[in-house]
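Structure record follows, encoded as structure tokens.
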Amino acid sequence: MASQHPIYDHIQRDAHGRTPKAAGSDPDDLIPPPQASVAPGKLAYSDQTRPSAKPIAKRRGWFRGLQRMLMFKQAQETDPAPPQAALKDLSVKDEGSAKHLERLVAVAQRRWLRQEMAGRLSARAGEAPQGKFVDVLTATPGEPKLPDEAFARLRWGGVFLYVGTNEQRVGDLAQAYDGQRGFILEEPVTQIHANVYGLRIPGFTPQGYAFLARKTQLIQPGDFTERFTYHVELSRCPKSDLAPDGYVVTKRVPTYADLVRRLRHKFPDAELSALERRAHKLIEHVFPTFLTREAAMLGIMQKNLAPEYRDKVPKPLGIQKDSRGFVRTLHMKWMRIGGEPISQLDFAIQSAELLAAIHEQASIMHLDLRMDNMVITPKGVGFVDFGSACKIGEQVNQSPMLGELFTEMMRTSQIQRMLGKMIERGHVTNNAISEVYGKTDKTVDSFYLAVQIAKPHANPDLKQLIEYDKESDVAGMLSALTAAVLRPKNPEMAQYKSASDLVRGLRRIEQRVAKAAAKRSS
Ligand SMILES: Nc1ncnc2c1ncn2[C@@H]1O[C@H](COP(=O)(O)OP(=O)(O)O)[C@@H](O)[C@H]1O
Ligand SMILES: [Mg+2]
């Protein structure tokens, strides 16, 4: 059975009765120690900083806090059915005139979203979706407001602002967002007033209630995706240069229960006991091993990359290890998607330059350079997910467990499978590329990047940030470059092999485009 993430395939072998070697190795033997630039624990934040759905005054003491925390934990573990149905009647039009509501919306936006809205995409929940994910979605009683509706329209990390006049209803809705359905409540239900000339006149000044929720999960609880493997979410922290929005990305080994559920979904015919054995192996050995390696790779890149590339890969901000020393939780800088769209050519150049820097300056190969693992921030293209990465020249076979994991990963990764198929069908004839099939080699990265830049819309999250017109001259030139990489005239003496070769080819296209533009304007 084909699976998206290489890690699963390794486990598949267990079900066929072969027991992978025990992973008792000391993690420090597997990789150089992580160089977190902020020592773990220095970031004083809790992953579960969640304001209450009720106004602050209604919260009572530490006992309730503890109770809430336990309830939250339970909720996480059991994924209760969302109270969506019960909320339907909230769509009944709230009292409060439309004009008053709009004034209250403006007050709430000014109070909470000034920074959030600057340079980002905002929309009203009542407007027809434009097919774009937005960063700020605002709703009032007459508009769609349920968590699932907001989730579908918001980017990861985007916020939902709700403003109404009925305290009870606003409170009920806030509760549906509170740590559930992929959101956390960032600002609890708060009374707001639309003062007139700075004055609040009782009985006259419009007043209402608002709350703010942020989409912190990549997928909704209970949903399944082939795109991601780990549990990755946004966690709150104090605002700082490293966390300008007050959030960091937390990547952790998924829970056992979650993983069993996912495996059951993926392999419905497998025996439960076999799935449980697989889940155990993944949770205890495979995931922690790769997360430990990822933390180390991020540390190496912060140390060795030239400054202009350092913020194009995640900066590690803290780790939590288990008693054996394996990383189980990794906090890193949030490279928030956004900014103005870039051209297909800029996307290609920036990606290739970043890849060349990672290969040449940090001596690291990514090995899983799918579009899902690329981001576009206002500073340009970045790469995330160094979970499969390897040091160039690293002898993974020196550790039997690691050797086995990498062999399996190279045999089954999505990129490798694609490469295999393309070689088989004659779509790849470049010897330098076909000889790395099944291997951990940096040419795998340049191969895949060459494929991606010709079809840059594979990731729905990036679609609106890359200007791509299939029919354009530039798209044609980029496709021709990709073809020259994959099927050179002389397969023995291919012109393109490394990421730097790709950069050179792209720069030539850039010059041609500039010349053509100059000619047109003269
Ligand atoms: N530091 C980061 N900044 C921004 N987005 C990130 C960051 N790390 C992960 N992501 C997002 O989370 C997704 C899943 O994280 P990733 O590290 O790729 O986990 P997995 O190994 O499960 O694929 C990525 O595809 C990306 O969209
Ligand atoms: Mg990924």
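Computed quantities for the displayed model
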| read-out | value |
| --- | --- |
| Neighbour net charge for P288 - beta-carbon separation under 9 angstrom, K R +1, D E -1 | +1 |
| Cα gyration tensor category, rounded, prolate or oblate, for segment 335-514 with a/c compared to 1.5 | oblate |
| Extension gain from F204 to R227, taking 0.36 nm per residue of separation minus the Cα-Cα distance | 3.1 nm |
| Segment 453-480-segment 253-297 distance, computed between alpha-carbon centres (Å) | 35 |
| Efficiency of FRET between E435 and E271 - r from beta-carbon atoms, R0 35 angstrom, step 0.05 | 0.30 |
| Qualifying aspartates and glutamates (Cα of each under 20 Å from Cα of K439; at least 8 residues distant if same chain) | D9, E294, E360, D368, D385, E394, E404, E408, E424, E492 |
| Phi to ³J(HN,Hα) by Karplus 6.51 cos²θ - 1.76 cosθ + 1.60 over segment 457-469, Hz, x for Gly, Pro | 9, 5, 9, x, 5, 9, 3, 6, 10, 10, 7, 9, 10 |
| Cα-based reach from K99 at 14 Å (exclusive), listing aspartates and glutamates while leaving out same-chain residues under 8 positions away | none |
| Rounded to whole Hz, the Karplus (6.51, -1.76, 1.60) HN-Hα couplings of segment 318-327, x for glycine and proline | x, 9, 10, 10, 8, 5, 8, x, 7, 6 |
| Label point distance in nm, N490-V513, each placed 7 Å from Cα along Cα→Cβ | 3.0 |
| Long-range HN-HN contacts of V134 with modeled amide H, under 5 Å | L154, R155 |
| For segment 122-225, share of DSSP beta bridges that run antiparallel, in % to the nearest 5 | 65 |
| Electrostatic dipole magnitude of segment 266-358 [Cβ: Lys, Arg +1; Asp, Glu -1; Cα centre; debye, to 20] | 420 |
| Greater than 21 Å apart at Cα, pairs in K266/K315; K312/K391; K132/K470; K132/K455 | K266/K315 |
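No lab work stands behind these numbers, since they all come straight from the coordinates. Since this is a predicted model, take the numbers as computed values, not measurements. Cβ sites come from the backbone with ideal geometry, for glycine too, and all protein chains shown count toward neighbours.
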